């Protein structure tokens, strides 16, 4: 169902109130983005392989992204359970194997499906690698109005940033409109912890930057304020309030309210599609499927705990923003400030993982993947640290990029966590 205006949304909610129904809670779906590259890290086009993949798989949908080398794997919504996560893990490993096998037949070269928040190869940052879809071309044209972005000694056009950025998106259905709004509000104050746990993009355009998670900062600059932390005037916000917030911006290409939400490339958003759901989109794609499953389990468990047990007052948006920047810069080794009091990120994250474990047990299941994130925090070591270390191997830029993507691929295909 398409909502053209906030009034359309209000009328639908009035009708919903008359004929109450109780949809299932915590139905979730995922989207994982990756980049197709050769063994030197140079981009390869995905256009020819997408139809073949969609013919093979019934449980996943494959599509393109802003970049012609980017591939998105989408899963249909399912009830949350440990068994469902394990099943998704197995299916995704099969899908990665098929992606590479088909790509090698099409391109007649060794292929790698790179799971990483930021593509390190400079070649991807060019007009050549803008996807040929109408939306991708028009969005690139729209982004061209913003200033160039400087990375160390390089200058990148804002229209090219999206071509090098990969994320994991988690869609979570709620019990009704206000429950979805509550999920959105709670996920918003969890943004800093999600960034700190997932940070893995310190290399872009062949350059190492001093941010653990450069991906988010670059996307905000490239998107002219349409990305990052939502620019809410009121927080927490209700369901209609979110619709009014989205409607307050000038559309880029959208003709309806539903489409306008897709133009807000923000950390979290409420999707005005039936059934209503919240979308968490702040985390970088992790290098292995197990690590991506750990993030999904954490986000759902932490949210379940917050909705069921938390009596925490909602913090100010300004504090969330300050802690978000700290997570982008320093990840696990930073310090968060909540209610004016400083707390080490390690201490805060270990406490949050305990809450996520309790949240998972509330589904009458045991955590399956959370130990992966706990190990990162206890060691105070992130994927970004490993990526930086691997990128130092080699004398030339070409050698460093090739070494990095091949080391990541070694872990991806074995599904062996990089920490």
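Here are a few things to note about the model shown:
- Residue count, the range 279-292 (criterion: crowded, with 24+ Cβ neighbours inside 10 Å, out of contact with any strand residue (DSSP E or B) (no Cβ under 6 Å at 6 or more places or on another chain) and not in a loop (DSSP other than H, G, I, E, B)): 2
- Among the residues listed as 217, 229, the single one being within 23 Å of residue 117 (Cα to Cα), surrounded by fewer than 24 Cβ atoms within 10 Å (Cβ to Cβ) and modelled with pLDDT of 95 or more: 229
- Single residue of the range 384-415 satisfying the filter (part of a loop (DSSP other than H, G, I, E, B) and in contact with a helix residue (DSSP H, G or I) (Cβ under 8 Å, 6 or more places away or on another chain)) that is modelled with the lowest pLDDT: 394
- Considering 299, 328, the condition of being closer than 30 Å to residue 83 by Cβ, modelled with pLDDT of 95 or more, touching a strand residue (DSSP E or B) at 6+ places or on another chain (Cβ under 6 Å) and assigned to a helix (DSSP H, G or I) is satisfied by 299 alone.
- Residue match in the range 200-212 (condition: farther than 18 Å from residue 391 by Cβ and part of a strand (DSSP E or B)): no
- Residue satisfying condition, being in contact with a helix residue (DSSP H, G or I) (Cβ under 6 Å, 6 or more places away or on another chain), surrounded by 16 or more Cβ atoms within 10 Å (Cβ to Cβ) and free of Cβ contacts under 8 Å to residues at least 24 places away in the same chain, within set 261, 270, 252: 261
- Some residue of the range 190-197 being touching a helix residue (DSSP H, G or I) at 6+ places or on another chain (Cβ under 7 Å), buried (at least 20 other Cβ atoms within 10 Å of the Cβ) and not in a helix (DSSP H, G or I): yes
- When residue 340 is tested against (1) in contact (Cβ under 8 Å) with a residue 24 or more places away in the chain; (2) over 21 Å from residue 307 (Cβ atoms), only condition (1) is not met.
- When the range 139-163 is filtered for residues that are without any contact (Cβ under 8 Å) to a residue 24 or more places away in the chain and in contact with a helix residue (DSSP H, G or I) (Cβ under 6 Å, 6 or more places away or on another chain), only 144 remains.
- Of everything listed in (1) in a helix (DSSP H, G or I); (2) closer than 17 Å to residue 66 by Cα; (3) touching a helix residue (DSSP H, G or I) at 6+ places or on another chain (Cβ under 7 Å), the single unmet condition for residue 136 is (3).
- Of all residue pairs spaced 6 or more apart or on separate chains, those with beta-carbon atoms under 6 Å, a first member in the range 374-400 that is without any contact (Cβ under 8 Å) to a residue 60 or more places away in the chain and on the phi < 0 side of the Ramachandran plot and a second member that is outside any loop (DSSP other than H, G, I, E, B) and surrounded by 15 or more Cβ atoms within 10 Å (Cβ to Cβ) are 374/353; 390/404; 390/407; 393/403.
- Qualifying residue in the range 400-407 (condition: within 30 Å of residue 86 (Cα to Cα) and buried (at least 19 other Cβ atoms within 10 Å of the Cβ)): yes
- Count - residues of the range 309-320 that are within 15 Å of residue 234 (Cβ to Cβ) and in a helix (DSSP H, G or I): 3
- Of all the residues in the range 333-379, those that are under 24 Å from residue 80 (Cα atoms), within 23 Å of the chain's Cα centre (by Cα) and either assigned to a loop (DSSP other than H, G, I, E, B) or at pLDDT below 95 (or both) number 3.
- Subset of the range 243-277 (residues that are over 18 Å from residue 142 (Cβ atoms) and touching a strand residue (DSSP E or B) at 6+ places or on another chain (Cβ under 6 Å)): 267, 268, 269, 270, 271, 275, 277
The values are calculated or read from the model by the stated rules, or taken from the named source; none is laboratory data. Just so it is clear, the model here is predicted, and its values are computed rather than measured. Cβ atoms come from the backbone with ideal geometry, glycine included; neighbour counts cover every protein chain shown.
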